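Colleague: Next up is a structure, given as structure tokens.
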Amino acid sequence: MQSASDLAADLAREAEAVCREYLSNGKRQGSYWLVGNLDNEPGRSLFVRLTGPSSGKGAAGKWTDAATGEHGDLLDIIRARCGLHGFADVAEEARRFLRQPRPDPPARTPRQSTPAGSPEAARRLFRMAQPIRGTLAERYLANRGLTDLRGTDALRFHPRCFYKPDSASPTETWPALIAAVTDLSGTTTGAHRTWLDPKGFSECRLGKAPIDTPRRAMGRLLGHGVRFDTPSDLLMVGEGLETVLSVRQALPDLPGIAALSAAHLAAIEIPPGLTRLYVLRDRDPAGEAATQTLIDRANEIGVEAIALTPAREDFNEDLMAFGVDELRAYLRTQIAPEDLARLISGRGHPEAAE
């Protein structure tokens, strides 16, 4: 009788085929299959690794739901999707699937020189954008309380960035804040766009354009993020540009990576050589689950991980409500004591000398 581990390894070698069969409402993105949840609803919260060894750490077929913190392997997906309970029934369904002939992969259309949404398209967009100093993007950030822009070379401004509401609508142009998404080596793999309201800041939109989806990303994103400064032994990671930049206002000597969603936060690649990882938590279920998933992943590789929790919904709300000095004092109570002098006294902060 084939063991569960052997059967899981066989399925792992067919990971994408398993996902197409049982999680058909998802789609492949880079080395992962993204779908809403185990109920096969559309979305991006649950991600399944499609590449890697057939067993062990980083194995193909391993999945995590960033919204709930659940995780498992392809046998668990088959069990959930088919409503099965005992292992014998799950194994029988898995063997039935493995015996099926595999259809030929979908025919690929001829590649354009720069396919829309590709990493190369993202790199081209970033090259076309300009530095943010003196632009609407700088004013947008300032209205969110983000005025210290040292170490933010990953951010640029495009005055007429294309926006298409849907496939049937005409293309529009809006000014946009452009952020480069990079991998551990510093290679740009994607770009994040925040379309801006040319009329300026308002309380209801917080400076974002009056369109249905003022934030979108393109390229290869999972595991990667927008990087501010180069980490050595300390690093913070959070969900969203404004969250990470808000903490940088108070702790400018702490390098950061902005993930683009809760699922991306949970899956962020952890750089080698870290002593401590600070995870910026958002106060919502998806943010809570993603934070815990990343902390668990860090602990597994011997990196101490500490969650920093905002007083309000997120750290940008804290910054705008309380100001940078009060935010710094609040963060001081959560930082590891051995990092206080380095992070609080850096760049002229007198508090650590008290």
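The values are calculated or read from the model by the stated rules, or taken from the named source; none is laboratory data. Just so it is clear, the structure is predicted and the values come from calculations on it, not from any experiment. With ideal geometry, Cβ positions are generated from the backbone for all residues, glycine too; neighbour counts draw on all protein chains shown. Ligands, DNA and RNA are excluded from the accessible area calculation, which covers all protein heavy atoms including side chains. Shrake-Rupley method; radii C 1.70, N 1.55, O 1.52, S 1.80 Å.
Colleague: Have a look at Arg150, Arg139 and point out the one that is of a type outside the set (Gly, Ala, Ser), open to solvent by 50 Å² or more (accessible area, probe 1.4 Å) and at pLDDT 95 or above.
Modeller: Residue meeting the stated conditions: Arg139.
Conditions tested, residue by residue: (1) farther than 30 Å from Pro231 by Cα; (2) open to solvent by 60 Å² or more (accessible area, probe 1.4 Å).
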| position | (1), (2) |
| --- | --- |
| Ala154 | no, no |
| Pro159 | yes, yes |
| Pro165 | yes, no |
| Ala168 | yes, yes |
| Thr171 | yes, yes |
| Thr182 | no, no |
| Ser185 | no, yes |
| Gly190 | no, no |
| Trp195 | no, no |
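Colleague: Name every residue in segment 110-136 that is basic (Lys, Arg) and modelled with pLDDT of 90 or more, in order of residue number.
Modeller: Matches in segment 110-136: Arg123, Arg124, Arg127, Arg133.
Residue-wise test of (1) more than 30 Å from Pro285 (Cβ to Cβ); (2) polar (S, T, N, Q); (3) surrounded by 20 or more Cβ atoms within 10 Å (Cβ to Cβ).
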site	(1), (2), (3)
Ala60	no, no, yes
Ala67	no, no, yes
Glu70	no, no, no
Ala80	no, no, no
His85	no, no, no
Asp89	yes, no, no
Glu92	yes, no, no
Arg95	yes, no, no
Leu98	yes, no, no
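Colleague: Still on this structure, please answer the following. Residues being among the aliphatic types (A, V, I, L, M) and in a loop (DSSP other than H, G, I, E, B): count how many of those fall in segment 127-138.
Modeller: 2
Colleague: Only one of (1) over 19 Å from Ala209 (Cα atoms); (2) crowded, with 18+ Cβ neighbours inside 10 Å fails for Leu177. Which number is that?
Modeller: Among (1) over 19 Å from Ala209 (Cα atoms); (2) crowded, with 18+ Cβ neighbours inside 10 Å, Leu177 violates only (1).
Colleague: Conditions: (1) modelled with pLDDT of 95 or more; (2) open to solvent by 20 Å² or more (accessible area, probe 1.4 Å); (3) not polar (S, T, N, Q). Ala107 meets all but one. Number of the miss?
Modeller: (1)
Colleague: Quick check: anything in segment 8-18 part of a loop (DSSP other than H, G, I, E, B) and of a type in the set (Lys, Arg)?
Modeller: There is at least one residue in segment 8-18 that is part of a loop (DSSP other than H, G, I, E, B) and of a type in the set (Lys, Arg).
Colleague: Within segment 197-221, which residues are surrounded by fewer than 24 Cβ atoms within 10 Å (Cβ to Cβ), within 30 Å of Ile335 (Cα to Cα) and within 21 Å of the chain's Cα centre (by Cα)?
Modeller: none
Colleague: Considering (1) under 30 Å from Gly323 (Cβ atoms); (2) in contact with a Pro (Cβ under 8 Å, 6 or more places away or on another chain), say which one Gly190 fails and leave the rest.
Modeller: Unmet condition: (1).
Colleague: Given the criteria crowded, with 19+ Cβ neighbours inside 10 Å, out of contact with any Cys (no Cβ under 9 Å at 6 or more places or on another chain) and on the phi < 0 side of the Ramachandran plot, does Val18 qualify?
Modeller: The answer is yes for Val18.
Colleague: How many of the residues making up segment 21-50 are under 22 Å from Arg220 (Cβ atoms), without any contact (Cβ under 8 Å) to a residue 24 or more places away in the chain and either β-branched (Val, Ile, Thr) or open to solvent by 20 Å² or more (accessible area, probe 1.4 Å) (or both)?
Modeller: Total satisfying the criteria: 6.
Colleague: What's the total number of residues in segment 222-256 that are under 25 Å from Thr333 (Cβ atoms) and touching a Pro at 6+ places or on another chain (Cβ under 8 Å)?
Modeller: Number of matching residues: 8.
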